[in-house]
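*Asks:* My questions will all concern the structure given below.
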Amino acid sequence: MTAQVAPAAAPAAAWGGVLALALGAFVLVASEFMPVSLLTPIATDLGVSEGQAGQAIAVSGAFALVTSLALSTLAGRLDRKLLLAGLTVLMIVSGTIAAFAPDYATFMVGRACIGIAIGGFWSMSAATAMRLVPADRVPRALAIVNGGNALATVVAAPLGSLLGAVIGWRGAFFCLIPVAAIALAWKVASLPSMPALRQRQGASPFALLRRPAVSLGMVACALLFMGQFTLFTYLRPFLETVTHAGPTLLSLLLLTVGIAGFVGTALIGALLKEGMYATLVAIPLLLAAIALGLIGCGASVPATALLLGLWGMLATSAPVGWWTWVARTLPDDAEAGGGLVVAIVQLAIAGGATVGGLLFDRYGHPATFGASAAILLAAAMTAWLAARAARPARLA
């Protein structure tokens, strides 16, 4: 068995590289969810139903899941700087294929490409941050990278809708290509060479689950995202039917969620530095309380706006907490652990959306939001158990 070589401490924090990764994250997330606001024109132009056009999200998610599990094995000894640059080139290829796709099948090839880029990038995000900044700055670096995610969440849907109306859906996709090209040039200029680290024998994603603290942490992470998307996927029909939000108010409420999420992502680093597991337990507890609060106060616009602001602040910043957990719990296996996190998050989002939809159609929003609260409470409990399981390792 070969011991893995720990990454050498960087002589100075490479914050330029961190910012380049944040810009790449922005383009990735914007590309991933761009079809949401452009389904109708995409379907009309390509001659398919809106449901078929919506499968563009499912296809990218499926390829992201497979890539996240296989990347650390397939990438082998490739320099991680070159790998990140290659994934960014794939983003540009994806946008180009989507913008000029003559038919539905070609368009879906472009969506598969962005899925590969998504799975690869997020699998490597924690491991890359650990090599760019000192250990005590990793939460801050991850918060900056996820800030690109949060910013894309705020602007992607409204910007896509606006661009689609002005220059068409193809033009909206094409507008992301120059931004991706800037991210590529920035990464090439600012990222240091990052040779592949020697992996321990058996350090595959699933082998990591043999450790109780890791398996419990992964379950807690999965439950958090499942509970979150059990509710969030059906937020719009809730706001339209319970809060009676018209188009303008609906846009403002969703914008509130996005802006609050951006703020939360900027603030969570300090909380993680003071108490990582306490933060990981508190976030799902508070989200569960908000879910129950929306059941009781959903008819009030001010109360709903306040609760949604708190929801956005907590839910959008939660990934930073779990990427920090990967960096601290699996310092020698951050790529394999990151791939496993990406995979379970993709599955959890799909599971939450499915469960929430079944309950929403049959019993209405109280059942959906109540189920979300129950799942989030289970996430908090499991995170607490993961903290207890990790304690002997920290004291050893």
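The values are calculated or read from the model by the stated rules, or taken from the named source; none is laboratory data. Computed from a predicted structure; not experimentally measured. Using ideal geometry, Cβ is built from the backbone for each residue, glycine included, and neighbour counts are taken over all protein chains shown. Accessible surface is based on the protein model in full, side chains and every heavy atom, while ligands, DNA and RNA are left aside. Shrake-Rupley method; radii C 1.70, N 1.55, O 1.52, S 1.80 Å.
*Asks:* Kindly indicate which of VAL219, VAL301 is in contact with a helix residue (DSSP H, G or I) (Cβ under 6 Å, 6 or more places away or on another chain) and in contact (Cβ under 8 Å) with a residue 24 or more places away in the chain.
*Replies:* Residue meeting the stated conditions: VAL219.
*Asks:* Just to verify a result, which residue in segment 280-321, among those that are within 22 Å of ALA390 (Cβ to Cβ), of a type in the set (Val, Ile, Thr) and open to solvent by less than 20 Å² (accessible area, probe 1.4 Å), is nearest to the chain's Cα centre (by Cα)?
*Replies:* Per the stated criteria, the residue is VAL320.
*Asks:* From the list THR324, THR354, THR368, pick out the single residue that is over 29 Å from LYS273 (Cα atoms), open to solvent by less than 20 Å² (accessible area, probe 1.4 Å) and among the polar types (S, T, N, Q).
*Replies:* THR368
*Asks:* Could I ask something else about it? Would you point out which residue out of PRO237, PRO247 is without any contact (Cβ under 8 Å) to a residue 24 or more places away in the chain and farther than 30 Å from THR88 by Cα?
*Replies:* PRO247
*Asks:* Working carefully through the options LEU90, LEU71, LEU78, LEU84, find the one that is of a type outside the set (D, E, K, R) and not in a helix (DSSP H, G or I).
*Replies:* Checking each option against the conditions leaves just LEU78.
*Asks:* Let me spell it out: the conditions are (1) over 23 Å from PHE360 (Cβ atoms); (2) in contact with a Phe, Trp or Tyr (Cβ under 9 Å, 6 or more places away or on another chain); (3) open to solvent by 10 Å² or more (accessible area, probe 1.4 Å), and PHE232 meets all of them except one. Which number is the exception?
*Replies:* Every listed condition holds for PHE232 apart from (1).
*Asks:* Looking only at segment 365-372, decide whether some residue is of a type in the set (A, V, I, L, M) and more than 19 Å from LEU142 (Cβ to Cβ).
*Replies:* Yes, the conditions are met somewhere in segment 365-372.
*Asks:* Which condition number in (1) assigned to a helix (DSSP H, G or I); (2) in contact (Cβ under 8 Å) with a residue 60 or more places away in the chain; (3) open to solvent by 50 Å² or more (accessible area, probe 1.4 Å) is the one that PHE63 fails?
*Replies:* Checking PHE63 against (1) assigned to a helix (DSSP H, G or I); (2) in contact (Cβ under 8 Å) with a residue 60 or more places away in the chain; (3) open to solvent by 50 Å² or more (accessible area, probe 1.4 Å), the one that fails is (2).
*Asks:* Among the listed residues VAL93, VAL155, VAL109, VAL89, which satisfies the condition of being within 17 Å of ALA172 (Cα to Cα), open to solvent by 40 Å² or more (accessible area, probe 1.4 Å) and at pLDDT 90 or above?
*Replies:* Checking each option against the conditions leaves just VAL93.
*Asks:* Return the pair list, or none, for Cβ contacts closer than 6 Å from residues in segment 86-102 that are in contact (Cβ under 8 Å) with a residue 60 or more places away in the chain and closer than 17 Å to PRO35 by Cβ to residues that are open to solvent by 50 Å² or more (accessible area, probe 1.4 Å) and in a helix (DSSP H, G or I), at least 6 apart or on different chains.
*Replies:* Listed by first residue and then by second, the contacts come to ALA99/ARG170; ALA99/PHE174.
*Asks:* Continuing with this model, one more query. Restricting attention to segment 327-340, which residues are open to solvent by less than 10 Å² (accessible area, probe 1.4 Å) and more than 14 Å from TRP122 (Cα to Cα)?
*Replies:* If the condition is that a residue be open to solvent by less than 10 Å² (accessible area, probe 1.4 Å) and more than 14 Å from TRP122 (Cα to Cα), then LEU330, ASP333 are the ones that fit.
*Asks:* Answer with yes or no whether LEU82 is surrounded by fewer than 21 Cβ atoms within 10 Å (Cβ to Cβ), modelled with pLDDT of 85 or more, within 26 Å of LEU191 (Cβ to Cβ) and under 19 Å from the mean Cα position of the chain (by Cα).
*Replies:* no
*Asks:* Now for a different question. Among the residues of segment 186-214, write down those that are at pLDDT 85 or above, under 23 Å from GLY24 (Cβ atoms) and open to solvent by less than 30 Å² (accessible area, probe 1.4 Å).
*Replies:* Listed by number, the residues that qualify are LYS187, LEU191, MET194.
*Asks:* Please identify the pairs in which a residue from segment 108-136 that is under 20 Å from GLN346 (Cβ atoms) has its Cβ atom under 7 Å from the Cβ atom of a residue that is among the acidic types (Asp, Glu), counting only partners at least 6 apart or on another chain.
*Replies:* Here the result reads ILE114/GLU32; ILE118/GLU32; SER123/GLU335; MET124/GLU335; ALA127/GLU335, each pair linking segment 108-136 to a residue that is among the acidic types (Asp, Glu).
*Asks:* Here's another thing I want to ask about it. I need every pair where a residue in segment 372-385 that is farther than 14 Å from THR230 by Cα and modelled with pLDDT of 95 or more has its Cβ under 6 Å from the Cβ of a residue that is of a type outside the set (A, V, I, L, M, F, W, C) and buried (at least 24 other Cβ atoms within 10 Å of the Cβ), sequence separation at least 6 or different chains.
*Replies:* Within 6 Å, the pairs are ALA380/PRO284.
*Asks:* Next question, about the same structure. Report whether or not ALA266 is without any contact (Cβ under 8 Å) to a residue 12 or more places away in the chain and either open to solvent by 20 Å² or more (accessible area, probe 1.4 Å) or charged (D, E, K, R) (or both).
*Replies:* It is false that ALA266 is without any contact (Cβ under 8 Å) to a residue 12 or more places away in the chain and either open to solvent by 20 Å² or more (accessible area, probe 1.4 Å) or charged (D, E, K, R) (or both).
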